[in-house]
There are 4 protein chains.
Amino acid sequence: MDEPKSAHNETARIEAFSDGVFAIAITLLILEIKVPPQTGHDVLRPALLDLWPSYLAFVSSFMTIGVMWLNHHRLFTLINKKDDGLIAFNLLLLLGITWLPFPTALLAEHLRSTHVDQQTAAVVYASSFFALAIVFNVMWRYAIRMRLVEDDLHVGAITKQYRLGPIMYGLLVAVAFFGAKWCLGLSILYALYFALPPSLWRKAQGL
Amino acid sequence: MDEPKSAHNETARIEAFSDGVFAIAITLLILEIKVPPQTGHDVLRPALLDLWPSYLAFVSSFMTIGVMWLNHHRLFTLINKKDDGLIAFNLLLLLGITWLPFPTALLAEHLRSTHVDQQTAAVVYASSFFALAIVFNVMWRYAIRMRLVEDDLHVGAITKQYRLGPIMYGLLVAVAFFGAKWCLGLSILYALYFALPPSLWRKAQGL
Amino acid sequence: MDEPKSAHNETARIEAFSDGVFAIAITLLILEIKVPPQTGHDVLRPALLDLWPSYLAFVSSFMTIGVMWLNHHRLFTLINKKDDGLIAFNLLLLLGITWLPFPTALLAEHLRSTHVDQQTAAVVYASSFFALAIVFNVMWRYAIRMRLVEDDLHVGAITKQYRLGPIMYGLLVAVAFFGAKWCLGLSILYALYFALPPSLWRKAQGL
Amino acid sequence: MDEPKSAHNETARIEAFSDGVFAIAITLLILEIKVPPQTGHDVLRPALLDLWPSYLAFVSSFMTIGVMWLNHHRLFTLINKKDDGLIAFNLLLLLGITWLPFPTALLAEHLRSTHVDQQTAAVVYASSFFALAIVFNVMWRYAIRMRLVEDDLHVGAITKQYRLGPIMYGLLVAVAFFGAKWCLGLSILYALYFALPPSLWRKAQGL
């Protein structure tokens, strides 16, 4: 009788904990950008401009984590029951999220390395997002199969939209072999794409 | 029927996530102040005094982020609906907030650099706040235009007060060209001004 | 009359604060993995592979903190009153949680040190978990003795399950003397064991 | 009519934001303890033992921040209205809390410096707590004077108990002149004293 409420509270704490991890991971990204030291010469301006890979990697990862937070948020609006499997998948997802500051700093550091090192850094970066896209899908399908999701018109639309994620980030891994800059540019485009269209897509449905 | 409640929950999670980001960004500022190492000579006192630019930059950014949190908080007391545009603007705002530890450390490091490097650091610092003031305004106007804001006497007053922000921080950018110390001093004055007057302004309205 | 509600709120804030500490400690783990610097030679791939101790230590500690968060969460679902003793035990527990990034980095750094240094690092690592398992037990028994726990079928099962913790992590300390790799491997097995079985165990009880 | 609820929500968000800042500041303390590097010789054990000032400073600051969180928490259980003054005092308090990782690292680094440098570090450490004790008092008195506090038997007791804080931490500043170790030892005693007695004190009142 009071199980639904209890279950709801449970989901609430999972969401709160997840929100905390997302918020911290997204804020830690800035720590990877190091301030150019004082030198006594007028070299700060070029030194700051020289940090552009760090800025781009920061923005790309910020936006991607932000979009993932939105998706996580949207899923848990529909998920209203939990089981241990869901909790385990969610922890796996958070493991991926806390991992992201590392490949972000890696890509920024090696965006102008040798071609081989660029490849390495970019493949690690793209693969991290690819793995997260897969975990998102698996968790969502698990929640549906286990009937943890409430009946809702959006469920089918989300499932369809999510199928895209692994394909797009699989492509990002492939692009990573051509160079770190292509990979970074494409990942920013992806984040923009994911950040913007739900608006249009929802308006089309009159929500 | 249950959409209002759902919409309210949605805003609640945006606020919680934003609060997390604000709280982390404001706390990370301290990591930029490095402890003077042990030397075996009695040099700690001058070494600590020598860190005054770091202390001032810490206080200035802390207060400014604190005031921005207050403003964010006040806005979302009035905003009671959300759409994807609001979420996107809010993410942009949080991007700016997480960015702030970097210009803070930059200004502290270069407060006593050459005049040109001081300018550079101060312009980056002031521009970051300037950009945030603009995002705040754009988000607020967007929320009003999209009717996400409840009818309230304060709406007009806030709109009027907010118009000041970009002008004041635009002035801060201009002052930054004269030297980093002027810029830092003025930004502390601004934070004090923004931290204090709402009190008087509200008392005058009997709230 | 309104004490129960007030007491509940009290527990809610303890949980929220604890969630924050867990979320931050789990996310800070990544800061201990340092990005290999740019060198101009194609050395990033081996350099990244060479970091495997850091990855394993990261995963092991992430999973262990994650499992501890789950346990904390489960306990406070059943604990519905608080007293100063509970608060003090909880602070002690959080002290242990915030400590964990240090032994994690220590084990990663010394996984390939001399045998003696491996022992040292592994014993510190295992002892940290051992101490936390003991604090968990003491807190839980205290809550039961003080009648802070609601009547529930799970209480006995949890008490039984918790008795295992100190024994298992005591064994981990013993294994640590044989080398850091054994210790790390076993601690990952433990985290997997603790992350998975509640699911089976609960299903068996039809919950 | 709906002002009380709105006011309550307002306090709730202040508490949530403050909890976040407390949780982050308390967790960042561990970042100041640096892992001894791999050397190829059996030197880890003495190197770890040699870090004892860092451990003690970590424990002392953790406990003090923990106790301050408890006090903050207890105050806001009684404070049920807010005004801009309260918000400003609370920000000032949080400024002090986020500052604490710096004096903590400072004291740890200089616990074995020359006597003069020990003094300097210890005075900075003790003064930080002293200032926080004063801000706590001023905020509490402000809240009472502004009638933001509900009628409660505890109000008088808290006021009496709080008067002790500045006196005790003023004494800590004096002790700091005799050496950093005395200061650290006394501050641990203080934290223990503050962490434990409320239990006895409350039991005596039958709460």
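Screening residue A:179 on (1) more than 14 Å from chain B (Cβ to nearest Cβ); (2) modelled with pLDDT of 90 or more; (3) under 28 Å from residue C:39 (Cα atoms) shows it passes everything except condition (2). Of everything in the stretch A:33-53 that is under 27 Å from the mean Cα position of the chain (by Cα) and either facing another protein chain (nearest Cβ under 8 Å) or of a type in the set (A, V, I, L, M, F, W, C) (or both), the residue that is surrounded by the fewest Cβ atoms within 10 Å (Cβ to Cβ) is A:49.
The condition of being at pLDDT below 90, crowded, with 21+ Cβ neighbours inside 10 Å and not acidic (Asp, Glu) holds for only one of A:143, A:108, A:121, that being A:143. Going by the conditions given, is residue D:188 open to solvent by 30 Å² or more (accessible area, probe 1.4 Å) and modelled with pLDDT of 75 or more? Here the answer is yes, as residue D:188 does meet what is asked.
Taken together, the residues in the stretch B:104-123 that are farther than 17 Å from residue B:33 by Cα and acidic (Asp, Glu) amount to 1. Each residue in the stretch A:124-139 was checked for being open to solvent by 10 Å² or more (accessible area, probe 1.4 Å), closer than 19 Å to residue C:34 by Cβ and more than 9 Å from every other protein chain (Cβ to nearest Cβ), and 1 pass.
Across the stretch B:130-146, what is the total count of residues that are more than 18 Å from the chain's Cα centre (by Cα) and part of a helix (DSSP H, G or I)?
5
Look at the stretch B:147-162 and say how many of its residues are part of a loop (DSSP other than H, G, I, E, B) and touching a Leu at 6+ places or on another chain (Cβ under 7 Å).
3
Restricted to helices (runs of 4 or more DSSP H) entirely inside the stretch C:1-119, those with at least 2 residues that are closer than 30 Å to residue A:112 by Cα are C:3-28, C:44-49, C:52-78, C:101-110. Only one entry of A:21, A:116 meets the criterion of being more than 20 Å from residue B:92 (Cβ to Cβ), crowded, with 19+ Cβ neighbours inside 10 Å and among the β-branched types (Val, Ile, Thr), and that entry is A:21. Comparison of C:102, C:76, C:89 shows that the only residue that is open to solvent by 20 Å² or more (accessible area, probe 1.4 Å) and of a type in the set (Phe, Trp, Tyr) is C:89. Kindly indicate the residue of the stretch A:72-112 that is touching a residue at least 24 places away in the same chain (Cβ under 8 Å) and small (Gly, Ala, Ser) and also farthest from the other protein chains (Cβ to nearest Cβ) among those meeting that condition. Checked the stretch A:72-112; the qualifying residue farthest from the other protein chains (Cβ to nearest Cβ) is A:96.
The values are calculated or read from the model by the stated rules, or taken from the named source; none is laboratory data. No experiment lies behind these values; they were computed from the predicted model shown. Positions of Cβ are generated from backbone atoms using ideal geometry, with glycine treated the same way; all protein chains shown enter the neighbour counts. These accessible areas exclude ligands, DNA and RNA; they are computed on the full protein's heavy atoms, side chains included. Shrake-Rupley method; radii C 1.70, N 1.55, O 1.52, S 1.80 Å.
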